[in-house]
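Student: One structure follows; several queries about it will come next.
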Amino acid sequence: MQTIEKTVSFIEKMNEMVGRSSCNLIFVFMFLMVYEVIARYFFASPTIWVHELCGFLFAAYVALTGGWVLLKKGHVAVDIIYQHFSRRVRHIMDIVVSMVALFMFVILFWQGYKFAWHAFVTNQHSHTLFGPVLWPVKAFLPIGAVFFILQIIADFCKIILDFNKGSAQ
Amino acid sequence: MNPALIVLLMFLAVVVLFVIRTPVAFTLGAVGIATLYLTNGPRFLQMLPPSIIESMTSIILLAIPLFIFIGCLLEKSGIADEIFEMIYRWLGAVPGGLAVGTVLICVIFAAMVGIVGAATVTMGLIALPAMLKRGYKTSLAIGCISGGGALGFLIPPSVTMIVYASLSNLSIGKMFLAGIVPGLLLASIFMSYILIRSLINPSLAPPIPVEERATWREKWASLKNLAMPFVLIFSIMGTIFSGLATPTEAAAVGAAVAMAIVFVRKRSLKEGMKVMHIASEQAAFLTSMVLWIIIGCLAFSAVVNTLGLPLLLKDLIDSIGLNRWTVLIVMMISFFLLGMVMDDLPIIMITVPIYVPLITLLGFDPLWFGILFIVNMQMAYLTPPFGFVLFYMKGVVPPGVTMGDIYRSVWPFICLQGVCLILIMVFPELVMWLPSFVGM
């Protein structure tokens, strides 16, 4: 039991840390975009890299915050009927939800990993003047999926622990 | 298997998963992936990563965190107190003046902020107590804040519009322009309603006592409170519509201006940093939520597309011989019903992949339909029994006011939104005039 609790708390601490530190990327977006506008209109020298770089960082921003939002129960759900069920039924529902979520992110991890790996071995570059390598940005899909999977497992453990506590009483 | 049957099963699965409280993102994603796998085979799953990466690196969607960031900053900046002070001095002497002024402030807020929550929350804290203290009837006070707050959907910038436009491949700039006239129209409908009711029955919303009224000097002095909002509105809207910058760049410029406003108003680096920190977390949190819903929806709409559902429906409609307006009205009713139990994002995600292609096949303009959709989402924001604004209002009204009172006070405003919806349906020029004029 204790190892489970420790693992859960480790996963949650990690997601919290990763999520919260990614929040600061917004200041980077802002700075880069304002820089681009100024460079283009006051100095007539638009950059070739700001938009693409911001897009890549946006992928990181979305991927790295997903697990943290799940931890904080921030992924919006339609909870109108849920609250009327008994505790036991709700536990079972939560377990089903965990399974559904796990299914989705395992598939996304698998497909995303194949996609990113292909870009890595063929050394793909973007077809723009800036032309950065593409595998790092493509890797953010499987990375994001990993944070989700870890958090789903942590939530699942919490449901089971809570369920056991309920039946012991 | 029959495509219609597959779609029916998909929707059944969605409903079941919603009932057991699966997050919208996971519901759409899991159902989409499972159907894609079962009907088309594992090979088709390869379609997903490229489109997901495209959304995750989308410069258009990058505007979402920036607009949310602006909203959170302004909510905490205290700028609303200043504008309300000005409204109080100018309109306090008119019956219903504070309620009319509240709608006006909501319009100003909507033009600065991309999310609807911000205006409702700040007005609930500032305008509601002020109105109740001056003897305004609770139903009118609640109604004008709820209705006014919902204007944020329609008046640009609007995150809901960004999501709709990016899912249906419309230009964000055009969509923003298209929302301006209907937004101002709806605001004037609200204001005339409040004014007419309070002129007929001044006890609803009494003018403030003579000794509390502001002098002309005070009135003129208070106008300077509008300076900062107008700088912000100009820096966002001006840069978009003059073609100086893309909506995302404009949002970044706006965010920088909003940060400056917060630091100027707080007059303390530490306080300002605290606000920055909270706002940046809230922006990331909400953006992540929205983006993962969009990602889940990609799987869902991939299935709808491979099945050719919109075409099937078109054939069905032709074979029954339904009028296209009947179809449109049925869609509006479905939005209204969905709006009673859901928020705007789930509704967009479920309906846009099917409705927008169908509407285009039937010969309607998707931009015009988008504005109708947004007006519907305003109604969804208010319609009982579930809605953020209703529960929020319950939290800020005095203890004696029941949930039933709140429900009753929003109905007139929902009806006014319905009037606006019909006006836009009958006169599409209200939507199309401004975008065509600017010719973006």
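Nothing in this text is a laboratory measurement; each read-out follows from the coordinates by a stated rule. Values in this document were obtained by computation on a predicted structure and should not be read as measured data. Virtual Cβ from ideal backbone geometry, glycine too; neighbours counted across all protein chains shown.
Student: Nearest 20 debye, what's the magnitude of the dipole of the protein assembly as shown about its Cα centre given +1 on Lys and Arg Cβ and -1 on Asp and Glu Cβ?
Tutor: Numbers: 35 positive and 27 negative charges, 192 e Å.
For this selection, approximately 920 debye.
Student: Beta carbons within 10 angstrom, averaged per residue: use that to sort the peptides B:12-20, B:233-241, highest first.
Tutor: Values: B:12-20: 17.0, B:233-241: 19.8.
Ranking, from highest mean packing down: B:233-241, B:12-20.
Student: Now for a different question. Could you list, in their original order, any pairs among A:Lys165/B:Lys394; B:Lys133/B:Lys394; B:Lys76/B:Lys270; A:Lys13/A:Lys138; B:Lys76/B:Lys219; A:Lys138/B:Lys274 whose Cα atoms are separated by more than 23 Å?
Tutor: Among A:Lys165/B:Lys394; B:Lys133/B:Lys394; B:Lys76/B:Lys270; A:Lys13/A:Lys138; B:Lys76/B:Lys219; A:Lys138/B:Lys274, the Cα-Cα distance tops 23 Å for A:Lys165/B:Lys394; A:Lys13/A:Lys138; B:Lys76/B:Lys219; A:Lys138/B:Lys274.
Student: Moving on. Can you give the relative contact order of chain B as a percent, counting alpha carbon pairs under 8 Å and 6+ residues apart?
Tutor: 24
Student: State to the nearest 20 debye the size of the charge dipole of chain A about its Cα centre, where the only charges are +1 on K and R beta carbons and -1 on D and E beta carbons.
Tutor: Magnitude of the dipole: close to 300 debye.
Student: How far is helix B:79-91 tilted, in degrees, relative to the longest principal axis of the Cα atoms in chain B, given as a value from 0 to 90 rounded to the nearest 10?
Tutor: So the helix axis and the longest Cα principal axis differ by about 60 degrees.
Student: Got a sec to turn the phi values of segment B:399-406 into Karplus ³J(HN,Hα) couplings, 6.51 cos²θ - 1.76 cosθ + 1.60 with θ = phi - 60°, whole Hz, x for Gly and Pro?
Tutor: So the Karplus estimates, Gly and Pro as x, are x, x, 7, 8, 4, x, 4, 5 Hz.
Student: To continue, here is another question. Which of B:Asp343, A:Asp162 comes first, and how do the rest follow, when ranked by fewest Cβ neighbours within 10 Å?
Tutor: A:Asp162, B:Asp343
Student: Taking each residue of B:55-63 in turn, how many C-beta atoms of other protein chains fall within 10 Å of its C-beta, and what is the average?
Tutor: That works out to 6 on average.
Student: If we count other beta carbons within 10 Å of each Cβ, what is the order of B:Ser188, A:Ser98, fewest first?
Tutor: Ascending number of Cβ neighbours within 10 Å: B:Ser188, A:Ser98.
Student: So how tilted is helix B:63-77 from the main axis of chain B? Cα-based, degrees 0 to 90, rounded to 10.
Tutor: Helix B:63-77 and the main axis of chain B meet at about 20 degrees.
Student: Suppose only helical runs count, i.e. DSSP H with n ≥ 4. What mean residue ellipticity at 222 nm does that imply for the protein assembly as shown under -39500 (n - 2.57) per run, divided by all residues and rounded to the nearest 500 deg cm²/dmol?
Tutor: -26000 deg cm²/dmol
Student: Of B:Ile196, B:Val257, B:Ile240, which is farthest along the charge dipole of segment B:165-272 in the positive direction, counting Lys and Arg as +1 and Asp and Glu as -1 at C-beta?
Tutor: B:Val257
Student: Chymotrypsin sites (Phe, Trp or Tyr not before Pro) within segment B:317-388: which are DSSP loop residues with at most 16 other Cβ atoms inside 10 Å?
Tutor: B:Phe386
Student: Let me confirm one metric for peptide A:113-119, namely the mean number of other chain beta-carbon atoms within 10 Å of its residues' beta-carbons.
Tutor: 2
Student: Can you tell me the orientation of helix A:135-168 relative to chain A, as the angle in degrees between its alpha-carbon axis and the longest Cα principal axis, to the nearest 10?
Tutor: 10
Student: To the nearest 20 Debye, how big is the dipole of chain B about its Cα centre, given +1 on the beta carbon of each Lys and Arg and -1 on that of each Asp and Glu? Walk me through the intermediate numbers first.
Tutor: Working: 22 positive and 18 negative charges, 167 e Å.
Rounded to the nearest 20 debye, it is 800 debye.
Student: Give the Rg/Rh ratio for segment B:10-157, taking Rg as the radius of gyration of the Cα atoms and Rh as the Kirkwood radius, to two decimals.
Tutor: Details: Rg = 22.0 Å, Rh = 18.4 Å.
Taking Rg over the Kirkwood Rh, I get 1.19.
Student: Here is a follow-up. Give a residue-ordered list of calculated ³J(HN,Hα) values for segment B:233-243 (Karplus: 6.51 cos²θ - 1.76 cosθ + 1.60, θ = phi - 60°; whole Hz; x for Gly, Pro).
Tutor: 4, 5, 5, 8, 6, x, 5, 5, 6, 7, x
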